[in-house]
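So the structure is just underneath, and the comments pick up after that.
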Amino acid sequence: VIARTRHDEL
Amino acid sequence: MNVFRFLGDLSHLVAIVILLLKIWKTRSCSGISGRSQILFAIVFTTRYLDLFSNFISVYNTSMKIVYITCSYATVYLIYGKFKATYDFNHDTFRIEFLLVPSAILAFLVNHDFSPLEILWTFSIYLESVAILPQLFLVSKTGEAETITSHYLFALGSYRLLYLLNWLWRYFSQGFYDLIALLSGILQTVLYCDFFYLYISKVLKGKKLSLPA
């Protein structure tokens, strides 16, 4: 799962 | 980036711009909850602290800057320039009841116990309830100007579209984020009765008025 703490959403 | 997320961001941008233009053009913030706008300014500030440290894309950075500047400009117009038209008698929702639980929960339930991540989590929790003072104000005055109901419809649609975006990302990338998802569901649920009123009244040309 993609690293959840890299927030690429606004 | 998928179509739901793009439409969601667009809807969010439209909402923010509609509100700013409404206040600027009518030179009045009647029917608008300044407290909700303060909460949104806090949401953007605590969520976008990584604005300069974590570059994702030009789109991401520029939207963050637009959101932050527009939200502070709106707060300034309400409490500064047009404060004479601010409905402080009805805009009385106790926002500390939203800020404190969001802050406590952010410390207890988060993905990573780091300052930036806790602030991001706080902003997610706060955003899910930030519209409450506005919905409370509409229920107290019993009605909303048509432009205000368009603002609320765009704002409610943005997180609904994000829910579809997360569904899409789950099935296409296996990506999911329970904190954002559950907060987004709560946030969208809060708009349900408004969505019903908006679709059954405003779209038929009537004014949005709550049953007395």
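We did not get these values from a lab; they are worked out from the coordinates using the rules stated. What you are looking at is a predicted structure, and each value in this text was computed from that prediction instead of being measured. We place every Cβ from the backbone using ideal geometry, glycine too, and count neighbours over all the protein chains shown.
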Exercise. Taking every pair of alpha-carbon atoms in the protein assembly as shown, what share in percent sits in each 5 Å bin, from 0 to the bin with the longest distance?
Worked result: 1, 7, 14, 19, 21, 17, 11, 7, 3, 1, 0
Problem set entry | Long pairs among B:81/B:201; B:140/B:207; B:64/B:207, criterion Cα-Cα beyond 26 Å | B:81/B:201; B:64/B:207
Exercise. Could you give the nm distance between label points at residue B:21 and residue B:210, where each point is 7 Å from its Cα heading toward the beta carbon?
Worked result: 2.7 nm
Exercise. If the chain between residue B:50 and residue B:114 were fully stretched, how many nm would it gain, using 0.36 nm times the residue separation less the Cα-Cα distance?
Worked result: 21.8 nm
For this session: Would you look at the GNM of chain B, springs on alpha carbons closer than 10 Å, and say which of B:20, B:132, B:116 moves the most?
Result: B:116
Seminar exercise, completed: Over chain B, the sum of -39500 (n - 2.57) across DSSP H runs of at least four, divided by residue number and rounded to 500 deg cm²/dmol, gives at 222 nm -22500 deg cm²/dmol
Exercise. Which of B:33, B:209 comes first, and how do the rest follow, when ranked by fewest Cβ neighbours within 10 Å?
Worked result: B:209, B:33
Exercise. With axes computed from alpha carbons, what is the tilt in degrees of helix B:115-129 against the longest principal axis of chain B, rounded to the nearest 10 within 0 to 90?
Worked result: 30 degrees
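For the residues B:118, B:38, what sequence is obtained by ranking on other C-beta atoms within 10 Å, fewest first?
Neighbour counts put them in this order, fewest first: B:118, B:38.
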Seminar exercise, completed: Longest principal axis of chain B (C-alpha) makes with the long axis of helix B:34-47 (C-alpha) an angle, in degrees to the nearest 10, of 10 degrees
Problem set entry | Size-normalised alpha-carbon gyration radius of the stretch B:1-64, reference 2.2 N^0.38 Å | 1.31
For this session: Pop a pseudo-label 7 angstrom from the Cα along the beta-carbon direction at both residue B:72 and residue B:170 and give the gap in nm to one decimal.
Result: 3.7 nm
For this session: State which stretch of chain B is the longest one without any exposed chymotrypsin sites (Phe, Trp or Tyr not before Pro), exposure meaning a DSSP loop state and at most 13 other Cβ atoms within 10 Å.
Result: B:114-212
Exercise. What order do you get for B:43, B:138, B:17 when you list them from fewest to most C-beta neighbours inside 10 Å?
Worked result: B:17, B:43, B:138
For this session: Take chain B, connect every pair of alpha-carbon atoms lying under 10 Å apart with a spring to form a Gaussian network, then pick out the residue of B:156, B:174, B:184 with the largest mean-square fluctuation.
Result: B:174
Exercise. For helix B:178-189, what angle does its Cα long axis make with the longest principal axis of chain B, in degrees from 0 to 90 and rounded to 10?
Worked result: 20 degrees
Exercise. Taking chain B, how much of its Cα-Cα pair set, in percent, is spaced more than 21 angstrom apart?
Worked result: 55 percent
